[in-house]
Amino acid sequence: MSASGFCQAGVRISVIIEYYLYISIFVLTLVCSAFFSCSESALFSITRAKVRTLINEGVPGAQALLALKENPDRFLITILIGNNIVNILGASVVTALAIGVFGPGALAVVVATFCVVILLLIFGEIMPKMYASRHSTSTALFVSSTIYLLSRIFSPVIWAINAVAGKMTGGPVFSQHLITEEEIKEWIDVGQEEGTIEKDEQEMLHSVFEFADTRVREAMTPRIDVVMTEDILSPEDALEIFKKTGFSRLPVYHETIDNIRGILNIKDVFVAVMDGRNHHPLVELCSEPVYVPETKKIDDLLREMKVRKNHLAIVLDEYGAFVGIITVEDIVEELVGDILDEFDTEEPELIRVADGVYSVDARMWVSDLNKELDLDLPEYETYETIAGLIIDRLGYIPRIGESCDLDGGIRLIVIQMKGKRITRIKLLISPPTKKPEAGSA
């Protein structure tokens with residue numbers, strides 16, 4: 001072989017080596033791009049609560065993961081810097097390779113652009129992010145140490161970007177998202193829909209959020225339903241009332257029910273009767289009554305009752321008038337629902353009779369009924385219950401059988417009363433009527 005032949009063979013080999021080098025560099029940039037894409041998706045998908053769980057379990061890499069989650073701007077800038085570097089390098093390498101194969105010109109640019117876009121989009125973005133979103137925990141743990149190390153290496157650049165962007169935006173580059181109460185409620189609803197959370201658990205969790213906002217007047221037993229005893233009765237007579245009602249504590253009043261003298265405990269009455277002190281004044285057996293305003297929040301009241309070891313409180317309105325009582329059981333029922341014992345014979349607040357027909361306790365709050373049946377009954381400050389809504393609309397105390405119609409095809413009918421008090425209502429929901437089509441006979 002001549003010298004020129006050796007020369008040409010050497011050139012071809014060097015070109016082939018150069019092409020393989022370009023391809024190897026591009027494959028490496030593709031892997032790096034996939035790594036940064038995975039990191040971005042996984043680190044944003046995993047929650048701080050999950051990271052804390054991993055730390056408590058002693059999982060390797062969890063500490064680095066926590067450090068990244070505490071400074072989301074640092075790891076995001078690190079990922080953006082790394083991803084842009086490898087993507088630009090990959091595009092440059094493919095362009096050089098295309099020019100070497102097709103020569104300088106439009107064809108080389110088109111081929112290079114097409115290859116870079118397709119390969120980077122599929123193997124550098126879509127597939128890595130899909131994988132990371134489905135395996136966020138394992139992926140986040142895998143990449144956390146490397147991303148944390150790179151964030152330390154890029155610290156001067158990150159500081160400069162934060163300084164410039166902070167002045168332009170008036171705050172951090174990437175503000176940390178705070179989880180709101182509404183978002184947590186949505187997660188609970190999604191968990192129930194997917195079967196992770198039971199229906200009862202969903203209702204209880206929602207009750208926990210509503211608990212802190214609930215006022216005493218929403219949970220108390222209203223004045224008209226309170227069983228009381230007068231101070232002139234004997235311990236034996238009082239014990240008979242306890243037997244009939246099944247209660248363990250009763251308020252004791254003097255002459256009028258607004259003049260409450262104390263709270264009578266069945267244990268004290270029983271001891272007095274057993275000791276033969278049947279003529280002992282009831283007031284001397286009573287404990288000091290605890291008074292609370294109807295606007296007080298029940299979570300604060302529960303804490304106070306635990307400290308005082310008190311189980312029953314007298315509720316007063318803004319004028320100091322007696323409006324009801326509230327017990328520890330009433331407060332707990334706001335969390336877990338109605339607690340019925342062998343003495344409770346009350347009907348449920350809401351009973352479905354047929355499609356669009358319900359029997360409703362007149363004491364049920366309008367807001368609760370709207371929530372239960374997804375209705376839009378009017379709510380005003382002048383009333384709180386369904387009975388109040390009917391009286392507000394009619395303008396007088398109705399009789400059994402009277403009704404009022406509301407917007408949306410809703411009718412409320414009084415079906416049960418106790419004296420002048422409405423106790424039960426029938427709710428009729430008419431299906432929406434279809435409008436006749438234009439041109440129909």
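Please determine whether any residue of segment 96-110 is crowded, with 16+ Cβ neighbours inside 10 Å and not aliphatic (A, V, I, L, M). No, that holds for no residue. For V59, which of the numbered conditions (1) part of a helix (DSSP H, G or I); (2) in contact (Cβ under 8 Å) with a residue 24 or more places away in the chain; (3) over 13 Å from V143 (Cα atoms); (4) open to solvent by less than 60 Å² (accessible area, probe 1.4 Å) fails to hold? Condition (1) is where V59 drops out.
Okay, residues lined up against (1) more than 18 Å from E18 (Cβ to Cβ); (2) loosely packed, with under 15 Cβ neighbours inside 10 Å; (3) in contact (Cβ under 8 Å) with a residue 60 or more places away in the chain:
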{"residue": "N84", "(1), (2), (3)": "yes, yes, no"}
{"residue": "N87", "(1), (2), (3)": "yes, no, no"}
{"residue": "F114", "(1), (2), (3)": "yes, yes, no"}
{"residue": "I118", "(1), (2), (3)": "yes, yes, no"}
{"residue": "G124", "(1), (2), (3)": "yes, no, yes"}
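Would you mind stating whether G324 is among the small types (G, A, S) and in a strand (DSSP E or B)? Yes: the conditions hold for G324. Taking segment 24-56 as the range and being in contact with a helix residue (DSSP H, G or I) (Cβ under 7 Å, 6 or more places away or on another chain), open to solvent by 40 Å² or more (accessible area, probe 1.4 Å) and of a type in the set (S, T, N, Q) as the test, only S45 passes. What pairs come up if the first residue lies in segment 6-30 and is closer than 30 Å to N83 by Cβ, the second is at pLDDT 60 or above and aromatic (F, W, Y), and their beta carbons are under 9 Å apart, counting only those six or more places apart or on different chains? Partner pairs satisfying both residue conditions: L30/F123. Within segment 372-416, the residues that satisfy the criterion of being open to solvent by less than 40 Å² (accessible area, probe 1.4 Å) and in a strand (DSSP E or B) are T385, C404, L406, I410, L412, I413, V414.
Show me the helices (runs of 4 or more DSSP H) found entirely inside segment 180-287 where at least 2 residues are surrounded by 15 or more Cβ atoms within 10 Å (Cβ to Cβ) and either modelled with pLDDT of 85 or more or more than 35 Å from the chain's Cα centre (by Cα) (or both). Give the derivation first.
Details: elements: 181-193, 199-211, 216-219, 235-245, 266-274.
Fully inside segment 180-287 and qualifying: 216-219, 235-245, 266-274.
Restricting V27, V86, V93 to residues that are at pLDDT below 85 and among the hydrophobic types (A, V, I, L, M, F, W, C) narrows the list to V93. Checking D361 against (1) closer than 22 Å to K420 by Cα; (2) in contact with a helix residue (DSSP H, G or I) (Cβ under 8 Å, 6 or more places away or on another chain); (3) free of Cβ contacts under 8 Å to residues at least 40 places away in the same chain, which single condition isn't satisfied? Unmet for D361, out of (1) closer than 22 Å to K420 by Cα; (2) in contact with a helix residue (DSSP H, G or I) (Cβ under 8 Å, 6 or more places away or on another chain); (3) free of Cβ contacts under 8 Å to residues at least 40 places away in the same chain: (3).
Evaluated against (1) out of contact with any strand residue (DSSP E or B) (no Cβ under 6 Å at 6 or more places or on another chain); (2) within 27 Å of Y319 (Cα to Cα); (3) of a type outside the set (A, V, I, L, M, F, W, C), P251 falls short on exactly one condition, (1).
Looking at segment 74-81, is at least one residue open to solvent by 40 Å² or more (accessible area, probe 1.4 Å), within 32 Å of the chain's Cα centre (by Cα) and modelled with pLDDT under 85?
Step one: list which residues in segment 74-81 are open to solvent by 40 Å² or more (accessible area, probe 1.4 Å), which gives 74, 80.
Cutting the leftovers down to within 32 Å of the chain's Cα centre (by Cα) gives us 74.
Okay, now just the ones that are also modelled with pLDDT under 85, so 74.
Yes - at least one qualifying residue is present in segment 74-81.
For the subset of segment 417-433 comprising residues that are among the hydrophobic types (A, V, I, L, M, F, W, C), open to solvent by 20 Å² or more (accessible area, probe 1.4 Å) and in contact (Cβ under 8 Å) with a residue 40 or more places away in the chain, which member is nearest to I351 (Cα to Cα)?
Within segment 417-433, the first condition is being among the hydrophobic types (A, V, I, L, M, F, W, C), and the residues that meet it are 417, 422, 425, 427-429.
So of that shortlist, the ones also open to solvent by 20 Å² or more (accessible area, probe 1.4 Å) come out as 417, 428-429.
Okay, now just the ones that are also in contact (Cβ under 8 Å) with a residue 40 or more places away in the chain, so 428-429.
Working: L428: 12, I429: 14 Å.
Across segment 417-433, the extreme among qualifying residues is L428.
Determine if segment 348-361 includes at least one residue that is within 26 Å of V208 (Cα to Cα), buried (at least 17 other Cβ atoms within 10 Å of the Cβ) and modelled with pLDDT of 85 or more. Taking every residue of segment 348-361 in turn, at least one turns out to be within 26 Å of V208 (Cα to Cα), buried (at least 17 other Cβ atoms within 10 Å of the Cβ) and modelled with pLDDT of 85 or more.
The values are calculated or read from the model by the stated rules, or taken from the named source; none is laboratory data. What you see is a predicted model, and the numbers here were worked out from it, not measured in a lab. FYI the Cβ positions are ideal-geometry reconstructions off the backbone, even for glycines, and counts take in every protein chain you see. The accessibility values were calculated without ligands, DNA or RNA, using every heavy atom of the protein model including side chains. Shrake-Rupley method; radii C 1.70, N 1.55, O 1.52, S 1.80 Å.
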